[in-house]
Amino acid sequence: MLRFFIHYVFTSFLQNFRYIICKKNFVTLRLCGLKTTMINDLKITLSQLNPTVGDLVGNGKKILDVCSTHQKGGLIVFPEMITTGYPTDDLVLNPYFMDRVEHHVQDIIEQSKSYNAALILPTPWRIKDKIYNAAHLIHDGEILHTVFKHHLPNYGVFDEKRIFTQGAIAEPYDFKGTKLGIMICEDMWFSDVAVNLKEHGAEMLIVPNGSPFQTDIHKMRLKQATDRVKETGLPLVYVNKIGGQDELVFDGGSFVMDQNGKVTHSLPTFEEAISASNLNTHALQKSDEQTIYNALILGLHDYVTKNNFLGVLIGLSGGIDSALSAAIAVDALGADRVHCVMMPSPFTSQDSLDDAAECARLLGITLDTISIEPAMKAFDEMLAKTINEKTAGTTFENIQSRARGMTLMALSNASGKMVLTTGNKSEMAVGYATLYGDMCGGFNALKDLYKGQVYALSKWRNSQSLVIPERIITKAPSAELKPDQTDQDSLPPYDVLDDILEHLIEKNTPPADIPHDPKTVKRIWQMLDRNEYKRRQAPPGVKITTKAFGRNRRIPMTNGFFKSTAKN
């Protein structure tokens, strides 16, 4: 009886045991079937790449380079829409574009055959004039199995229902003795796809992703993956892309989770990673400031390089926004590709001049000085007959900003470098930005950062190495457009302003429920409401929150809601 009992316990243990081990160049997932003698090794490479949207040739080369150097005889998993980059938006609705996609996919299939590589190749795919978000399982020169994305996200930055046709819920495919359950990105966020795969015999869940970064996204992904693993009892392989694409940044952070919901291996964030020998169980453990800063670096780097700009131009004012922007630019592109210009007016303080010069010295960047006083005098003379002190308002303050914008754009035209704007989310929200002035440019790394986050990131960056003079961080912020001006002359303290704005924008809190002075809340809400037209004309910038201005938050410019509600 004792021998029988020991044999029974040991056999039951083997029948249900799944484990993951790391070898030199790959992760091997061993899955045991119902019989203890049926053990199949499947070598898997997580290929976390940075594609460029629309660059079919370049993306194809990246794919084939991985096939040529990794996991012969194994399975390579690529991120969502690797052939075209993601999101493609309306590119896939162009028949000629899809013709070229099909051509390049066939070329990848043919060439991968010579490398004896099997791959999960996500791509847009056309069937009878319908476009699907798909993933092919490819081996030995043919498509063995195709899965279509079932849950098409249609919120926030996503509008896949307008572009793609919904696919049926996926079923598993037996590849070399292992039943693979492939579900594309959003399909992991619902239980039906994973449960269906399990019910049809899947032994492993593989999830190609194009999941953009925002704060707390790692926790959200891990929760969804854990839920799917708990529901199915299956290990899960999650492969995400990296790279900047317009406002979006994809942060990678691919991982392997065992059947108990434990992350056993993870790839680094914000960088390409292919060989599983680079797996690091601590890759997701970074401070919030470091994670956001890395997102800003990657977003700016890819926007500049993928669009073939020679570098960036920044108006370095001696204030914290331009100083942090310059630091990000240097970390993203190198000091030799960052050119700063100080453009003083009669209202510019000596402290600002000194702080800008010191910041440039610490960063090792070029700083030129071009006074805007001649332009101010020219506009004074030009407008003297039509604008007087009673009617001027902020006209001449804004002319200073526009003179600076025009100066930077002239230098951009002459040099081929892109103007990097420096306004933060707090300012953009309440309209403290000048159209065709400090808003002009090609990109804004700080666009989705509240002022408090600008300070936090500046302090964090200085903790790595001193690049921003301490006085820039400690002095009262000012646009310096008139004598003795500070931002708090006309705005509440930034900690109050940021909290009110976060309630209004990210949380959609009713104004009456926001825990601040009701008159202040009402005033900030009105400022947010009436400046939508400015934000529509702002350059793109890195998205890090759930409600970034732009495609992530679509508010009509002509909008009478505040006016009709504020009376009640």
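Residue pairs exceeding 28 angstrom between C-alpha atoms, taken from 385/451; 62/543; 377/519: 385/451; 377/519. Under the convention that each Lys and Arg Cβ holds +1 and each Asp and Glu Cβ holds -1, the size of the dipole of the range 323-425 around its Cα centre is about 420 debye.
Using 32 Å as the Cα-Cα cut-off, could you pick out the over-long pairs in 128/230; 522/547; 176/262; 43/230? The answer is 128/230.
Oblate is the label for the range 94-217, because the ratio a/c of its alpha-carbon gyration tensor axes (a ≥ b ≥ c) is 1.5 or higher and a/b is not greater than b/c.
Across all Cα pairs in the chain, the calculated P(r) in 10 Å bins from zero up to the longest distance comes to 3, 16, 24, 22, 17, 11, 5, 2, 1, 0, 0 percent per bin.
Helix 56-69 and the longest principal axis of the Cα set of the chain meet at an angle near 50°. Other residues lying with their Cβ under 11 Å from the Cβ of residue 197 contribute a combined charge of -3, Lys and Arg counting +1, Asp and Glu -1.
Diagonalising the gyration tensor over the Cα atoms of the range 204-328 and scaling each eigenvalue by 5 before taking the square root yields semi-axes of 33, 15, 12 Å, largest first. Among 400, 512, 136, whose Cα lies farthest out toward the positive end of the dipole of the chain, if unit charges sit on the beta carbon of Lys, Arg (+1) and Asp, Glu (-1)? The listed residue farthest towards the positive side: 136. For residue 507, a cut-off of 13 angstrom between C-alpha atoms picks up these aspartates and glutamates, skipping any fewer than 8 places away in its own chain: 498, 499.
For residue 459, the aspartates and glutamates whose Cα comes closer than 13 Å to its Cα, not counting residues fewer than 8 places off in the same chain, are 288, 289, 321, 470. Compared with the dominant Cα axis of the chain, that is its longest principal axis, helix 320-333 is turned about 40°. For the chain, the relative contact order works out to 10 percent when only alpha carbon pairs closer than 8 Å and six or more residues apart are counted. Distant-in-sequence amide contacts of residue 369, defined by a placed amide H-H separation under 5 Å and a gap of 5 or more residues or a different chain, comprise 342. Per residue, the chain exposes 44 Å² of accessible surface when a 1.4 Å probe is rolled over the protein heavy atoms with every protein chain present. Amide hydrogen proximity for residue 174: with H placed 1.01 Å from N in the peptide plane, the residues at 5 or more positions away or on another chain lying under 5 Å are 180. If the Kirkwood radius is taken over C-alpha pairs of the range 83-146, then at 20 °C and 1.002 mPa s the Stokes-Einstein diffusion coefficient equals 176 µm²/s.
Could you check how much of the accessible area of the chain is carbon and sulfur, as a whole percent, using a 1.4 Å probe? Taking all protein chains in place, the chain shows 53 percent carbon and sulfur surface. Across the range 358-374, computed HN-Hα scalar couplings (Karplus, 6.51 cos²θ - 1.76 cosθ + 1.60, θ = phi - 60°) run 5, 4, 4, 5, 4, 7, x, 10, 6, 10, 9, 10, 10, 6, 9, 4, x Hz from first to last residue, x flagging Gly and Pro. Which percent, to the nearest 5, of DSSP beta bridges fully inside the chain are antiparallel? Close to 60 percent. Among residues other than residue 447 with Cβ under 14 Å from its Cβ, the summed charge is +3 (Lys and Arg +1, Asp and Glu -1).
Tell me the angle of helix 95-113 to the major Cα principal axis of the chain, expressed in degrees between 0 and 90 and rounded to the nearest ten. The two axes meet at around 50 degrees.
Taking all protein chains together and rolling a 1.4 Å probe, residue 146 ends up with roughly 50 Å² accessible. Dipole check for the chain: with +1 at the C-beta of Lys and Arg, -1 at the C-beta of Asp and Glu, and the Cα centre as origin, the magnitude is about 1200 Debye. Cross-link partners of residue 563 among aspartates and glutamates, defined as those whose alpha carbon lies under 16 angstrom from its own and excluding same-chain residues fewer than eight positions apart: 529, 532.
Amide H contacts for residue 245 (H built 1.01 Å from N in the peptide plane; partners 5 or more residues away or on another chain; cut-off under 5 Å): 250.
The values are calculated or read from the model by the stated rules, or taken from the named source; none is laboratory data. What you see is a predicted model; the values in this text were computed from it and never measured. Heads up, the Cβs are rebuilt from the backbone with ideal geometry, glycines too, and the neighbour counts pull from every protein chain shown. Each accessible area value is taken on the protein alone, full model and side chains, heavy atoms only, with ligands, DNA and RNA left out. Shrake-Rupley method; radii C 1.70, N 1.55, O 1.52, S 1.80 Å.
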